[in-house]
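J.: This structure is in structure tokens; I'll ask about it shortly.
Please treat every number below as a calculation from the coordinates, not as lab data. Quick caveat: nothing in here was measured; it's all calculated off a predicted structure. Here the Cβ is made from the backbone with ideal geometry for all residues, glycine too, and neighbour counts use every protein chain on show.
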Amino acid sequence: MSTETNIASAYDARAVEYLAVAGDLAKMDDRDIATIRAWRDGTTGPLLDAGCGPGHWTAFLAEDRGDVVGVDLSGEFIASARGRYPGIRFEVGSFRGLGVDDSSLGGILAWYSLIHTPPAEIPLVLAEFARVLRPGGTLLLGFFDGEPRAPFAHAVTTACFWSADALGGLLTDAGFEVEGSEHRDRTPQEVSARAHGAIRARRR
């Protein structure tokens with residue numbers, strides 16, 4: 001089985017559990033909501049939620065706009081998202097081939113979406129993101145902050161830590177200009193105990 005097939009199967013198997021724990025905007029930290037809101041409101045053009053999961057962030061992006069699509073490997077997540085948010089487009093798909101025209105998007109949200117991607121394959125995904133973003137389009141990427149590329153036992157399937165510096169270098173190589181990053185330790189009420197990181201970059 002391919003890496004993507006394994007990831008999809010792992011999330012399909014635990015979709016109901018995931019929805020209960022982290023499948024609703026009310027369960028998200030207010031600081032994450034503020035970060036994504038600021039990015040959303042500062043971005044023009046069509047938006048893609050890459051790794052949309054059960055669709056709560058996609059629905060947040062779609063508030064007052066109709067040009068948003070959510071993409072995820074998990075068929076169970078996509079089925080749930082379509083049922084919960086019927087006015088929004090959701091598709092099963094891969095980051096390695098998004099099926100979107102060159103330079104057609106204004107922004108991509110990849111919120112904890114690349115944590116299971118093998119580190120050696122991250123440049124391929126970032127190149128695909130760069131392909132579909134128009135010049136000046138932006139990417140907001142969330143990740144577990146730690147030793148770059150180091151694997152850990154995520155609750156669903158093996159994941160890897162990243163850092164803003166390590167991702168920044170890969171983003172630069174892929175044709176992006178890094179605009180900013182953030183880091184914070186978690187508070188007890190958050191879904192995860194692992195340190196949070198996010199990075200914002202603009203397509204050159």
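J.: For the stretch 3-203, give me the percentage of DSSP beta bridges that are antiparallel, rounded to the nearest 5 percent.
T.: Working: 18 of 36 bridges.
Restricted to the stretch 3-203, the bridges split so that about 50 percent are antiparallel.
J.: Please list, ordered by chain and number, the residues whose modelled amide H lies under 5 Å from the amide H of Ile108; skip anything fewer than 5 residues away on the same chain.
T.: Leu48, Thr138, Leu139, Leu140
J.: Using Cα pairs under 8 angstrom and six or more residues apart, how large is the relative contact order of the stretch 75-204, in percent? Each step should come with its number before you reach the end.
T.: Details: 230 pairs, mean separation 30.6, N = 130.
Once normalised by length, the contact order is 24 percent.
J.: Also: Put a dot 7 Å past each Cα toward the Cβ at Val16 and Asp101; how far apart are the dots in nm?
T.: Taking the two extended label points, one gets 4.3 nm.
J.: What percent does the relative contact order of the stretch 1-118 come to when contacts are Cα pairs within less than 8 Å and at least six residues apart? Write out the running numbers ahead of the final one.
T.: Numbers: 153 pairs, mean separation 35.7, N = 118.
That works out to 30 percent.
J.: When only DSSP loop residues count, what GluC sites (Glu not before Pro) in the stretch 145-204 have their Cβ near at most 15 other Cβ atoms within 10 Å? List each step's numbers first, then the result.
T.: Numbers: sites: Glu177, Glu179, Glu182, Glu190; in loops: Glu190.
Nothing satisfies the criteria.
J.: Rounded, prolate or oblate: which fits the stretch 51-105 when a ≥ b ≥ c are the square roots of the eigenvalues of the alpha-carbon gyration tensor, with rounded for a/c under 1.5 and prolate only if a/b beats b/c?
T.: Oblate.
J.: Are there GluC sites (Glu not before Pro) in the stretch 34-121 that DSSP puts in a loop and that have at most 11 other Cβ atoms within 10 Å, and which ones? Kindly include the intermediate steps, with their values, before the conclusion.
T.: Numbers: sites: Glu63, Glu76, Glu91, Glu121; in loops: Glu63.
Of the GluC sites (Glu not before Pro), the ones in loops of the stretch 34-121 whose Cβ has at most 11 other Cβ atoms within 10 Å are Glu63.
J.: What distance in nm separates the two pseudo spin-label positions at Ala150 and Leu25, each 7 Å out from Cα along the beta-carbon direction?
T.: Reported label-point gap for Ala150 and Leu25 is 3.5 nm.
J.: Still on this structure, I have one more. Does the chain classify as rounded, prolate or oblate by the C-alpha gyration tensor (a ≥ b ≥ c root eigenvalues; a/c under 1.5 gives rounded; else a/b over b/c gives prolate, otherwise oblate)? The partial results should precede the final answer.
T.: On the way: a/c = 1.22, a/b = 1.05, b/c = 1.15.
The shape class here is rounded.
J.: Amide H neighbours of Ser103 under 5 Å, at least 5 residues apart or on other chains, H built in the peptide plane: list them.
T.: HN-HN under 5 Å from Ser103: Val132, Leu133.
J.: What ratio of Cα Rg to 2.2 N^0.38 Å holds for the stretch 111-201?
T.: On the way: Rg = 13.1 Å, N = 91, 2.2 N^0.38 = 12.2 Å.
Normalised by 2.2 N^0.38 Å, the Cα Rg of the stretch 111-201 equals 1.07.
J.: Can you give me the long-range amide H partners of Cys52? Hydrogens built in the peptide plane at 1.01 Å from N, cutoff under 5 Å, separation of 5 or more residues or another chain.
T.: Val71, Asp72
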